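Shown next, in structure tokens, is the structure this report addresses.
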Amino acid sequence: MSWGAIALLAAGAYGFKLAGVMGLGRLLTGTWATAIGALLPPALLFGLVAVQTLAIDTEEGVRLAIDARLAGVAAGAIAVWRGIPFVGVVVTAAVVTGGVRALG
Amino acid sequence: MSRPSYIRDSVIMGIAVGFFGMGFGVLSVSSGLSVAQTCAMSLLVFTGASQFAAVSVIGSGGDPISAVGSGLLLAARNGLYGISLARHLTGSWLRRSAVAQLVIDESTAMGMGQEDPADIEGGVLAGGISVFLFWNLATLIGAVAGSSIGDPNVFGLDAAFPAGFISLAAPALRHRPGQVAAATGAIIGTVAIPLTPPGLPILLSALGAVIALLIVGPPPAQLSPQPNPEVGAE
């Protein structure tokens, strides 16, 4: 990978961040934009959770898979529901997933 | 008020990210990038999924244009995070431009995990700075050593991240619009996984915010931010 390609990727990645923080995020005002701004993070983060929990890379591309991750994330979700703080949730998910893998 | 827990949470998150940063360093060098190029990626691109995707394309014999394209598709969501975070970031134009580099999954989640909207910026900064430091240090170690401590997935660290994101998103789940946005975002993302290239499922999940707004209306005012707190900004 050339330095040019790295520079292009870096410029593009920062461009997205900057466009959000300094551009659209400042220009869009009003009730609708404010509501969308508040609802985007839960929508995006749960899309991310789905991908990190269910997607696997294979030779033929990315596909859905149910494996040890789902058990850990489900245990973590229950911990969240029971009011367990962040650190406890993270440890629960890791231990359950690691445990299921060790058994499997 | 007691000191917010986001400092401790951010350090723990940074350490966990470090394991993957080491993995990135190893993968990048084994894909043919130099140590300097590998470290430049983590410093300047600084969005993990994009970096992994780009060096994977190179490692499997792909051309640089495809590598950059795959990376950018995964980086685009940071722009959407930025839109949400913009109104919470204070200070000069220069300061906010610098903070923009820290806008990634982890820092956004740490920001929105704060109960008090006044703590959102602190959460973003703590999460972003911690992840930045650990990610870059670990990249350097992995790139130089050429081997990682071990597969972080053995310890279930790959599941720790989605679970942690659920924990941090919890404040948004207390109202109906947030619940609908999260549920539709997850459903859209899941359906899109086998149908679209990596990066697109998460971008498409943004539609969950629009659907929630159309179906159940805006979230309560507590989460819709106050006017920009420019007063007292540096």
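Before moving on, here are some points about what is shown:
- Considering only B:G18, B:N153, B:Q114, the residue lying farthest towards the positive end of the dipole of chain B is B:Q114, judged by Cα position with unit charges set on Cβ.
- Environment charge of A:D67, counting only residues whose C-beta is closer than 11 Å and scoring Lys/Arg +1, Asp/Glu -1: +1
- Every helix of 4 or more DSSP H residues in chain A counts as -39500 (n - 2.57), and over all residues that averages to -23500 deg cm²/dmol at 222 nm.
- Residue (of A:L8, A:G61, A:V90) at the positive-pole extreme of chain A, dipole from beta-carbon charges: A:V90
- Remark: spin-label model distance B:V154-B:I15 equals 1.9 nm, labels positioned 7 Å along the Cα→Cβ axis.
- Region B:26-78 versus region A:25-67: alpha-carbon centroid distance in Å: 21 Å
- Of B:A67, B:V124, B:S30, farthest towards positive along the dipole that unit charges on Lys, Arg, Asp, Glu beta carbons give chain B: B:V124
- When +1 charges are put on Lys and Arg Cβ atoms and -1 charges on Asp and Glu Cβ atoms, the dipole computed for chain B relative to its Cα centre reaches about 220 debye.
- Scaling the Cα radius of gyration of chain B by the globular reference 2.2 N^0.38 Å produces a ratio of 1.04.
- Percent of alpha-carbon pairs separated by more than 36 Å within the protein assembly as shown: 13 percent
- Computed over chain A, relative contact order equals 16 percent, with contacts defined as Cα pairs under 8 Å that lie 6+ residues apart.
- Normalised by the number of residues in region B:6-157, the mean separation of alpha-carbon contacts (under 8 Å, six or more apart) gives a relative contact order of 43 percent.
- Exposure proxy order (Cβ contacts within 10 Å, fewest to most) of A:T97, B:T190, A:T58, B:T38: A:T58, B:T190, B:T38, A:T97
- When A:E59, B:E106, B:E121 are arranged by Cβ crowding within 10 Å, least crowded first, meaning fewest neighbours, the order is A:E59, B:E121, B:E106.
- Temperature 25 °C, viscosity 0.890 mPa s: under these conditions the Stokes-Einstein estimate for region B:175-224, based on its Kirkwood radius over C-alpha pairs, is 222 µm² per second.
- Student exercise, the protein assembly as shown dipole from Lys, Arg, Asp, Glu Cβ charges, in Debye to nearest 20: 460 debye
Since every read-out is calculated from the coordinates, none of them should be taken as a lab result. In this text the structure is predicted, and so the values were computed from the model without any measurement. Cβ atoms come from the backbone with ideal geometry, glycine included; neighbour counts cover every protein chain shown.
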